[in-house]
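The values are calculated or read from the model by the stated rules, or taken from the named source; none is laboratory data. All values derive from a computational prediction rather than experimental measurement. For neighbour counting, all protein chains shown are included, and Cβ atoms are generated from backbone atoms with ideal geometry for every residue, glycine included. To get the accessible areas, we keep the full protein, side chains included, count just its heavy atoms, and leave off ligands, DNA and RNA. Shrake-Rupley method; radii C 1.70, N 1.55, O 1.52, S 1.80 Å.
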Amino acid sequence: MNTSSDFELTGTLQPLVVRLLTEHAYGVCELAQACAQKLHQPLCEVITPLTDSLEALVSSGQVRYDRQQNRVALA
């Protein structure tokens, strides 16, 4: 169940994810750790909103997930 803080983090995470992916592609866990570090949040607080952010970014065509490489990158 998403809480209002999850929705707030989702909105914050989308631009952060795009900014991080301009540097290089990330594995999903590596991306979650980088986001948690940048936001000064525990990893457990970032996982759900990151998943929602990635889903929205993939749906909009901004990022892609390479299953063979297990990497998230800009589209």
Point to revise | Single residue of the range 32-43 satisfying the filter (free of Cβ contacts under 8 Å to residues at least 24 places away in the same chain and either more than 16 Å from E8 (Cβ to Cβ) or not in a helix (DSSP H, G or I) (or both)) that is most open to solvent (accessible area, probe 1.4 Å) | key: H40
Check your understanding: For the range 5-16, does any single residue satisfy the condition of being of a type in the set (S, T, N, Q), surrounded by fewer than 15 Cβ atoms within 10 Å (Cβ to Cβ) and at pLDDT 95 or above?
Key -> no
